[in-house]
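Novice: Okay, handing you the structure first.
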Amino acid sequence: MNLINSYETLLQSAKLKADAPQRKVLHELESLSELLNAKRPQSVFSKLLRIKPATPRGLYIWGEVGRGKTMLMDLFFASVENPKKLRIHFHAFMQDVHIKRATTKSDDVIADIADDIAARAKLLCLDEMQISDIADAMIIGRLFEALGERGVCIVTTSNLPPDQLYKDGLNRHLFLPFIAKLNTSLYVVSLAAGTDYRLGRMASRQTYLTPLGKKADAEMEELWNELTDGAEGMSQDLDFLGRKLHVPRAAHGCASFTFAELCEQALAAPDYLALARNFRTIFIHHVPVLKVSQRNATKRFILMIDSFYDMKTRVIISAEAPANKLCSGGQHKSEFLRTASRLQEMQSTDWWTS
């Protein structure tokens, strides 16, 4: 079944709703699928000169979280008949690359990695491309170029257009040549703003869960699965102000932390703003009732919620008590009244759909 027919089947089964921007991207993917599936015989002249058939130009598909990029890539990947194909999450791909760099003894490790990938795949699909580390930024440009030279067609999705990749990152000017190359070597297509289909699943769900316990933990995991389409998630590090900002679990524009990881570490407002710029939804597990002795943690929690509020970040929280009872006293009790009010607003349907 071709790509268009697969999409129509999902529409007829009511698993999807008709979406004009999705259809536009779908036709681009269908054209590429047809090129990849076409039998392209070489002339005797080409064979004698060892001229390789031209590699179809790949796609860079970008759009906001929840617009269906991963679903479209899955349909496309299934439609390509060549068994030499590879689909992998971008961060998993980069982890593999870093491991091979660390364990391979070679004068040109990137070339060796590209040879290995090209031997296994003529189509490489990378989901959720997001450059958050200077090491990734420097490697990915060389690797994409090497893969192109070896006839590998690349299709990738991202929440950001190429020009916004690694924005404000350390030494970003070194990454700009790759962005220019990306804009010319791949067709850049936008999945224009529209319905965030994952948010429709959240209409009747609570996003502030209390009290703490197995039930709240299970509901947090259910919400994670709803918003990430069941992705397990991976850890990653954001390059920020010359240091690493660790994210324990991330997938599809969501990041997950415990209260201790966010508020009992040496983090400040710029760190929380960096998280908000990189992730649309933040999960915060196990927020305790804040004691008088927890002055620093309380202050960080207030700063964090203020930062997420200002950036229109969606938060999903499991807590020991309702928001208006989280602060038991101390010098921040009056200030916390605003935080409690903001937390209540951030649970509203208007907040989640704005």
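Novice: Just wondering, is there one or more residues in segment 266-274 that are more than 28 Å from GLY66 (Cα to Cα), open to solvent by 10 Å² or more (accessible area, probe 1.4 Å) and touching a residue at least 60 places away in the same chain (Cβ under 8 Å)?
Specialist: No, segment 266-274 has no match at all.
Novice: Being modelled with pLDDT of 90 or more and under 17 Å from PHE259 (Cβ atoms) is the filter here, so list the residues in segment 320-345 that pass it.
Specialist: GLU320, ALA321, PRO322, ALA323, LYS325, LEU326, THR339, ALA340, ARG342, LEU343
Novice: Consider VAL65 carefully, then state whether it is modelled with pLDDT under 85 and either in contact with a strand residue (DSSP E or B) (Cβ under 7 Å, 6 or more places away or on another chain) or under 25 Å from ILE140 (Cα atoms) (or both).
Specialist: Yes.
Novice: Let me ask something additional. Consider LEU170 against the criteria (1) open to solvent by 50 Å² or more (accessible area, probe 1.4 Å); (2) modelled with pLDDT of 90 or more: it satisfies all of them except one. Which criterion is unmet?
Specialist: It is condition (2) that LEU170 fails.
Novice: Before we move on, is GLU8 modelled with pLDDT of 85 or more and of a type in the set (D, E, K, R)?
Specialist: The answer is no for GLU8.
Novice: Would you confirm whether or not segment 281-302 contains a residue that is in a helix (DSSP H, G or I), under 29 Å from the mean Cα position of the chain (by Cα) and in contact (Cβ under 8 Å) with a residue 40 or more places away in the chain?
Specialist: yes
Novice: When you scan segment 142-160, do you find a residue that is within 15 Å of the chain's Cα centre (by Cα), modelled with pLDDT of 85 or more and surrounded by fewer than 21 Cβ atoms within 10 Å (Cβ to Cβ), even just one?
Specialist: Within segment 142-160, one or more residues are within 15 Å of the chain's Cα centre (by Cα), modelled with pLDDT of 85 or more and surrounded by fewer than 21 Cβ atoms within 10 Å (Cβ to Cβ).
Novice: Within segment 326-339, which residues are surrounded by 16 or more Cβ atoms within 10 Å (Cβ to Cβ) and among the hydrophobic types (A, V, I, L, M, F, W, C)?
Specialist: Scanning segment 326-339 gives LEU326, CYS327, PHE336.
The values are calculated or read from the model by the stated rules, or taken from the named source; none is laboratory data. Just so it is clear, the model here is predicted, and its values are computed rather than measured. Cβ atoms come from the backbone with ideal geometry, glycine included; neighbour counts cover every protein chain shown. SASA here: full protein model, heavy atoms, side chains in, ligands and nucleic acids out. Shrake-Rupley method; radii C 1.70, N 1.55, O 1.52, S 1.80 Å.
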